[in-house]
Amino acid sequence: MKRAWGQSGWVRRLAWSLPLVMLAGCSWFQRKADVHLPVSGNTVASMRNVDETMVDILETMDIPGASLTVARNGKIIYQRGFGWANRETREAVQPESMFRIASVSKPMTAVAVLKAFEAELPAALDRPVFGPGGLLTGSRYAQVKDARVLKITLRDLLQHTNGWDSNVYEPQYDLVQIAEALKRPAPASAADVVEYMLKFRELQREPGTYFSYSNFGYNILGRVLEQKTGLPYDEAMRRLVFDPIGSQSPRIGGDTLAERRPGEVVYSDDPRWPPVPSQTGRGSGPEAYNGFHFAAMDAHGGWVMTSADMVRFADAIDGRSGVPRLLQPATVALMGTKDPKIPNANGGLGWVVDPSGWNHSGALTTGTHSFLERRTDGLTWAVVYNRLPIDPDNTSASLAETLKTTLKGLHAAILRSQGLAP
């Protein structure tokens, strides 16, 4: 089975639902304490238990570094860096260190799309994406193998009901083969991936009937946003989302270590993870710096930023942080509403939705792990790590233990520090 959709393809898609109170693991990790683990940022006396929990996570899981930001009622009350941005050079993580945020990019794309179409909502959610009168036009999107594609709506892309099942095929990490099929240089671009899927791949399900988490669907949303605004995706995001809330750090990530952004951490693949072929088709090496082409992942997993800007984004959606709100109340209500026609859906438009609020997580094997939660009780927090420990011989159990340790325990510590019930 092809490496890009084989041993770790499902881990790369991790992001949709993380029930923090139900995770279970197998206790396969062994503590590998890094003496004198650095901690940066201002100490918050009431949150020393959070400091201790973060240090314990990094030591127990052998994760080099992390960043954590917590806000209460729209105000950042805690922002600290833990461990190493670069373990080899002993460069410490700083509170404003930048990390790849993986699939936490998706709710950001969703908010930008909703904002771009806000004057046309809710009707725009049911507009077709492809075909005559569709939202995405142009010659490269005109050839369609499966006529059911013409039924895909904007809502389907936002809520992961587009009909392509990524458990069958994940195109976003198959860029060499896609480029070959289109007779273009590797790696394939984001638009190349859309063109390829329309021309050569059939849907697995009827659009609008079944939830199947889809990186590819959010790739399409990025192209829709470009066509709607007339801007490249990253510029559209800056104008619609990041500039209005004063976020300066967000950038689309670089693929290689040489393309590391100023202030960005180094990603340390789990040492048990095998090397992978490069998405350029030339060479191989650690997955964190060979397995991804972030320009083609832009709308579903391409952003690099600080944990503080993740929190600022979440609290700006309805103006909780005091900046002008990104979305109007009616749009926020649409975003947080589950589609009752989809029995297996656990999210709204771009988020996991549960009684405590909205959340989303992300992971890239095995160098990135991220989580953002915006709660109805006024608490918002984001954490990012520069390693996702996954045992290649037991991915399911080791992933469960990773999530249990890095999210459930931290979640409880943060709630306790604020006098909230876990």
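Being assigned to a strand (DSSP E or B) and surrounded by 24 or more Cβ atoms within 10 Å (Cβ to Cβ) is a condition met by at least one residue of segment 285-303.
Would segment 225-232 turn up any residue that is touching a Lys or Arg at 6+ places or on another chain (Cβ under 6 Å) and either surrounded by 20 or more Cβ atoms within 10 Å (Cβ to Cβ) or on the phi > 0 side of the Ramachandran plot (or both)? No, because not a single residue in segment 225-232 is touching a Lys or Arg at 6+ places or on another chain (Cβ under 6 Å) and either surrounded by 20 or more Cβ atoms within 10 Å (Cβ to Cβ) or on the phi > 0 side of the Ramachandran plot (or both). Hey, does segment 92-103 have a residue that's assigned to a loop (DSSP other than H, G, I, E, B), of a type in the set (D, E, K, R) and over 25 Å from Arg375 (Cα atoms)? Within segment 92-103 (the criterion being assigned to a loop (DSSP other than H, G, I, E, B), of a type in the set (D, E, K, R) and over 25 Å from Arg375 (Cα atoms)), the answer is no, since none of the residues qualifies. Against the list (1) within 19 Å of the chain's Cα centre (by Cα); (2) free of Cβ contacts under 8 Å to residues at least 40 places away in the same chain, the condition Ser284 fails is (1).
For segment 219-260, give me each residue that is closer than 23 Å to Val311 by Cα, free of Cβ contacts under 8 Å to residues at least 40 places away in the same chain and either of a type in the set (A, V, I, L, M) or part of a helix (DSSP H, G or I) (or both). Result: Glu235, Arg238, Arg239, Asp243.
Kindly indicate whether any position in segment 357-366 is more than 22 Å from Phe242 (Cβ to Cβ) and in contact with a His (Cβ under 6 Å, 6 or more places away or on another chain). For segment 357-366, residues more than 22 Å from Phe242 (Cβ to Cβ) and in contact with a His (Cβ under 6 Å, 6 or more places away or on another chain): present.
Answer yes or no: is there a residue in segment 318-334 that is within 20 Å of the chain's Cα centre (by Cα), of a type in the set (Ser, Thr, Tyr) and either at negative phi or not in a loop (DSSP other than H, G, I, E, B) (or both). Within segment 318-334, none of the residues are within 20 Å of the chain's Cα centre (by Cα), of a type in the set (Ser, Thr, Tyr) and either at negative phi or not in a loop (DSSP other than H, G, I, E, B) (or both). All told, Ser370 meets the bar of being under 18 Å from the mean Cα position of the chain (by Cα) and farther than 22 Å from Leu125 by Cβ. Of the candidates Pro275, Pro271, the single residue that is without any contact (Cβ under 8 Å) to a residue 60 or more places away in the chain, out of contact with any strand residue (DSSP E or B) (no Cβ under 9 Å at 6 or more places or on another chain) and under 25 Å from Asp62 (Cα atoms) is Pro271. Scanning segment 170-206 for residues that are in a helix (DSSP H, G or I), in contact (Cβ under 8 Å) with a residue 24 or more places away in the chain and surrounded by fewer than 17 Cβ atoms within 10 Å (Cβ to Cβ) turns up Gln177, Lys199, Phe200. Only one of the listed residues (Asn215, Asn167) is within 19 Å of Ala363 (Cα to Cα), surrounded by fewer than 21 Cβ atoms within 10 Å (Cβ to Cβ) and touching a Ser or Thr at 6+ places or on another chain (Cβ under 8 Å). That residue is Asn167. Restricting the first member to segment 145-167 and to residues that are on the phi > 0 side of the Ramachandran plot, and the second to residues that are aliphatic (A, V, I, L, M), the beta-carbon pairs closer than 6 Å and six or more apart or on different chains are Gly163/Leu203. Selection of segment 110-124 for residues being charged (D, E, K, R) and in contact (Cβ under 8 Å) with a residue 12 or more places away in the chain yields Lys115, Glu118. For Lys341, the conditions (1) within 25 Å of Arg238 (Cα to Cα); (2) part of a loop (DSSP other than H, G, I, E, B); (3) more than 18 Å from the chain's Cα centre (by Cα) are fulfilled apart from (1). Among the residues of segment 116-134, those identified as assigned to a loop (DSSP other than H, G, I, E, B) and of a type in the set (A, V, I, L, M, F, W, C) are Phe117, Leu121, Val129, Phe130. When each of Gly74, Gly65 is tested for being touching a Gly at 6+ places or on another chain (Cβ under 8 Å), modelled with pLDDT of 95 or more, under 17 Å from Glu264 (Cβ atoms) and not β-branched (Val, Ile, Thr), the lone residue that passes is Gly65.
The values are calculated or read from the model by the stated rules, or taken from the named source; none is laboratory data. Computed from a predicted structure; not experimentally measured. Because the Cβ atoms are built from the backbone with ideal geometry, glycine has one as well, and the counts that use them run over all protein chains shown.
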